[in-house]
Amino acid sequence: MKKRLTDDSAPFQRIDDAARITGLPRGYLRDGAKTGDVPCVWRGRTCLINVPALLRKLDAEDAARAARQATGAKG
């Protein structure tokens, strides 16, 4: 089997490569892609994660969580 070359700077990555680049679990990315919580596109049966959009989404969620904690709101 040929080894597949990857480009870590490409915005769209397969789940395994996105997990390696971001440090997120493959299961989280796979489940999120299936539910629509992780930004991705499907090319046939191959899921390509939009890594920059995913990182922006996670940063926004983290900022919102920090703001809620600063104001004393639960959630």
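Worth pointing out:
- The C-beta contact set for region 16-42 (first residue free of Cβ contacts under 8 Å to residues at least 40 places away in the same chain, second residue basic (Lys, Arg), distance under 7 angstrom, 6+ apart or interchain) comprises Asp16/Arg26; Ala19/Arg26; Pro39/Lys57.
- Residues in region 30-47 that are touching a Leu at 6+ places or on another chain (Cβ under 9 Å) and part of a loop (DSSP other than H, G, I, E, B): Val38, Pro39.
- Within region 37-53, the set of residues being surrounded by 15 or more Cβ atoms within 10 Å (Cβ to Cβ) and either more than 10 Å from Pro11 (Cα to Cα) or of a type in the set (D, E, K, R) (or both) comprises Val38, Pro39, Cys40, Cys47.
- Residue, farthest from Ala60 (Cα to Cα), within region 1-45, restricted to residues that are among the aromatic types (Phe, Trp, Tyr) and in contact with a strand residue (DSSP E or B) (Cβ under 8 Å, 6 or more places away or on another chain): Trp42
- Looking across region 7-29 at every residue that is assigned to a helix (DSSP H, G or I) and under 9 Å from the mean Cα position of the chain (by Cα), the one that is surrounded by the fewest Cβ atoms within 10 Å (Cβ to Cβ) is identified as Tyr28.
- Qualifying residue in region 48-59 (condition: assigned to a helix (DSSP H, G or I) and either hydroxyl-bearing (Ser, Thr, Tyr) or touching a Phe, Trp or Tyr at 6+ places or on another chain (Cβ under 6 Å) (or both)): no
Just so you know, all these numbers are worked out from the coordinates, no wet-lab data involved. Worth saying up front: this structure is predicted, and the values here are computed from it rather than measured. Reconstructed Cβ throughout: ideal geometry from the backbone, glycine too, with neighbour counts over all protein chains shown.
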